[in-house]
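To keep things clear, I will list the structure first and then write my remarks on it.
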Amino acid sequence: MNKSRVFNKMNDITEYAFNIPKEIGKKYKDENYRVTKENFIKKYGENKGLEKWNSYVSKQSYTNSFEYKNKTHNWTIDNFNDYNKSRSITLSNLIDRHGEEDGVKIWDEYINKQKETKSKEYVINKYGLEYWIALCKSKKVTLDHFVNKYGKEKGEELYINKIHNNIYLPSKISGEVFDRLDLILGKKYKTYYYKKDGFEFGKLLSNGRYVFLDYYISDIKVCIEYYGNVWHANPKIYKIDDVPFSFKGNKKTSQEIWNDDKERIELLKKDFNIDTIVIWETDSISIQDILIKIKELENDK
């Protein structure tokens with residue numbers, strides 16, 4: 001019905017009509033007719049190619065939206081969700097489309113390709129080291145990242161929720177210490193700590209860092225922190241350049257850990273007038289000494 005639409009690009013019909021071998025047709029389609037920014041630029045030049053690519057991306061974004069499907073095809077949200085599920089690359093969807101044998105084969109190829117293209121070596125070789133560093137930074141859970149993406153109010157809310165969902169549970173020993181403290185302080189003040197409340201009280205500092213307070217006395221704005229020897233690099237054990245632990249690729253030296261802890265304590269005081277008392281894991285803990293420090297801080301406020 002429309003030969004120009006059929007024969008101006010490589011597809012199954014074109015291959016059949018002109019008796020083109022499958023391997024040649026596939027290679028030609030893959031290299032020249034994939035809808036990519038590079039092919040747009042190759043075909044139209046950089047300026048015109050980028051203009052057409054951005055227009056294509058914008059159009060695709062809209063025609064794949066619920067708003068468009070609802071307006072054009074009268075879809076419900078359930079129709080829209082079912083459609084997206086059917087398009088997703090999953091093992092079950094590939095088996096439905098191609099049969100079990102081919103579906104499993106395509107799935108394995110897809111998984112291996114995804115692993116390869118997401119590797120550090122692949123990205124650096126293709127895009128360069130600076131691109132890799134920028135990509136890693138863009139995926140970090142930071143306040144700036146959330147605010148830039150969602151706006152200030154929504155960004156701060158989502159950032160705090162994300163931090164709370166990734167909370168690291170406090171140690172059993174710290175819970176026992178705070179239990180003993182709370183037998184006395186809990187009768188006099190409003191106090192928060194994980195073992196009692198099921199969550200840790202948190203504050204968003206002016207540097208964009210969200211921090212949890214191990215034991216917080218809200219009435220007098222005093223925080224008690226229980227420092228583990230490894231996590232906080234006890235200076236009685238670790239030297240300045242030691243790396244006490246490696247966590248998710250984070251290998252901070254003792255000095256960097258001390259700097260972070262110092263900044264946290266200073267900003268809690270500056271931003272919220274919260275004083276911090278530190279208890280080390282190796283300390284001989286005297287509840288009476290802690291109560292005296294709390295009383296002194298309360299008198300100073």
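Read the figures in this text as sums done on the coordinates, not as results from a lab. Given the structure is predicted, the values throughout are model-derived calculations rather than measurements. Note: ideal-geometry Cβ built from the backbone for every residue, glycine included; neighbour counts use all protein chains shown.
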Between (i) 1.00; (ii) 1.10; (iii) 1.52, the structure-derived Cα Rg over 2.2 N^0.38 Å is (iii)
Modelled FRET efficiency - R0 25 Å, Asn229 with Ser286, Cβ distances, 0.05 increments: 0.85
Working from Cα positions, state the angle (0 to 90°, nearest 10) between the long axis of helix 129-138 and the longest principal axis of the chain. 60
Taking 0.36 nm per residue of sequence separation and subtracting the Cα-Cα distance, how much length would be gained by fully extending the chain between Lys270 and Asp242, in nm to one decimal? 7.1 nm
Quickly estimate the mean residue ellipticity at 222 nm for the chain, helices only: each DSSP H run with n ≥ 4 gives -39500 (n - 2.57), and the total goes over all residues, rounded to 500. -18500 deg cm²/dmol
Under 13 Å from the Cα of Lys188, which aspartates and glutamates turn up, not counting those fewer than eight places away in the same chain? Asp219, Glu298
Order the peptides 82-89, 288-295, 211-218 from the highest to the lowest mean number of other Cβ atoms within 10 Å of their residues. 211-218, 288-295, 82-89
With a sphere of radius 13 Å drawn around the Cβ of Ser254, what net charge do the other residues whose Cβ falls strictly inside it have (Lys, Arg +1; Asp, Glu -1)? 0
Please give the net charge around Trp231, taking every other residue with its beta carbon less than 12 angstrom from that of Trp231, where Lys and Arg add +1 and Asp and Glu add -1. -4
Can you give me the angle between helix 77-87 and the longest principal axis of the chain, using Cα atoms only, in degrees from 0 to 90, rounded to the nearest 10? 70
Please list the non-local residues whose amide H lies under 5 Å from the amide H of Trp280, H modeled 1.01 Å from N, same-chain partners needing a gap of 5 or more. Tyr227
